[in-house]
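Read the structure below first, then the notes.
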Amino acid sequence: MAAKIVPSVLPADFARLGEDCLALEKAGVDRIQWDVMDGHFVPNLTFGPDVIAACRKVCDVGFEAHLMVERPDDLLPLYADAGCEVIIVHAETLTHAHRTCGRIRELGARAGVALNPATPVSAVEHLLDLLDMVLVMTVNPGFGGQPYIATMEPKIAAIRQLIDAGGFDVELEVDGGIGPDTIGGAAAAGADVFISGSALWKYDTFADGVADLRARAEAARRR
């Protein structure tokens with residue numbers, strides 16, 4: 001699988017979200033991630049489904065909802081209806097993980113589970129047959145611009161081994177502090193989807209950033 005670059009729009013100008021989504025699509029991103037925060041599971045509040053639905057009207061690139069919320073089951077249909085083709089929930093919030101993952105797929109979306117840095121690999125080991133992706137957090141969630149936690153790379157490698165050994169068709173994402181200096185380590189550990197937020201906004205253009213990050217990830221995977 002070619003390396004996929006998925007920007008988080010958390011660093012965007014919220015008054016111009018639609019314009020930024022269209023610009024990211026034209027820059028060649030693989031999809032766009034919406035960091036949905038409820039003020040409880042993480043301190044911040046961000047994007048409701050109406051905001052995402054409005055942006056859905058201006059571009060065709062895939063949308064991914066990363067639900068950093070305490071009660072994800074209540075919100076699944078709202079974000080599916082808003083146009084999110086991928087919905088990721090946190091392992092730390094799941095009471096009935098199999099039921100939640102199944103519900104995401106019933107709604108027509110692809111299902112993912114995210115792991116906070118302190119959450120062990122075992123939290124997803126027995127869910128891989130129900131998942132389309134696993135997201136490894138390489139920062140503690142809730143704020144953009146945090147430094148990458150390099151000690152998560154063995155965790156990425158362990159999940160990659162589980163996916164490959166079981167023959168699962170599951171994407172392995174990393175999210176947090178991903179930029180030109182860190183994407184190589186995550187890629188070498190086995191990640192194939194890279195969420196980049198503030199680092200992407202520092203390039204002269206989105207297209208420059210997407211091309212550079214993708215090239216760095218591909219180079220690290222070939223080593």
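Please figure out what share of the DSSP beta bridges in segment 4-222 is antiparallel and state it in percent, rounded to the nearest 5. Each step should come with its number before you reach the end.
Values: 1 of 34 bridges.
Just about 5 percent of them are antiparallel.
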Environment charge at C59 (Cβ cut-off 15 Å; Lys +1, Arg +1, Asp -1, Glu -1): -2
Residue among V174, V89, V121 with the largest mean-square fluctuation in a Gaussian network model of the chain, springs linking Cα atoms under 10 Å: V121
Segment 173-223 and segment 87-125: distance between their alpha carbon centers, rounded to Å: 24 Å
Which residues in segment 59-92 have a backbone N closer than 15 Å to a point placed 7 Å from the Cα of L22 along the Cα-to-Cβ line? 59-61
Roughly what % of DSSP beta bridges within segment 1-80 run antiparallel, to the nearest 5? 10 percent
Given an 8 Å cut-off on Cα distances and at least 6 residues of separation, report the relative contact order of the chain as a percent. 20 percent
Note the listed values (i) 1.05; (ii) 1.02; (iii) 0.93, then indicate which one is Rg/Rh (Cα atoms, Kirkwood Rh) calculated from this particular structure. (iii)
Give me the one-decimal nm value for the distance between modelled label points at A215 and E85, 7 Å along each residue's Cα-to-Cβ direction. 2.7 nm
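Return the subset of K26/K202; K4/K202; K57/K202 for which the Cα-Cα distance in this structure is over 21 Å, preserving the input order.
Working: K26/K202 17 Å; K4/K202 19 Å; K57/K202 27 Å.
Checking Cα-Cα distances, K57/K202 exceed 21 Å.
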Is there a quick way to get the dipole size of segment 3-128? I mean about its Cα centre, with the Cβ of Lys and Arg at +1 and of Asp and Glu at -1; what is the value in debye to the nearest 20? 240 debye
Please check: in the Gaussian network model of the chain (C-alpha springs, under 10 Å), which one of E173, E19, E85 has the largest mean-square fluctuation. E19
For a quick check, take a GNM of the chain with Cα springs below 10 Å and name the residue from D132, D13, D175 with the largest mean-square fluctuation. D13
Any idea what the dipole of segment 4-222 comes to, in debye rounded to 20, about its Cα centre with Lys/Arg Cβ at +1 and Asp/Glu Cβ at -1? 220 debye
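Calculate for the chain the 222 nm mean residue ellipticity that helices alone would give, adding -39,500 (n - 2.57) per DSSP H run of length 4 or more and normalising by residue count, nearest 500 deg cm²/dmol.
Numbers: 9 runs with 84 residues, N = 223.
After summing the helix terms and dividing by residue count, I get -11000 deg cm²/dmol.
Since every read-out is calculated from the coordinates, none of them should be taken as a lab result. Computed from a predicted model, the values in this text were never measured in an experiment. Here the Cβ is made from the backbone with ideal geometry for all residues, glycine too, and neighbour counts use every protein chain on show.
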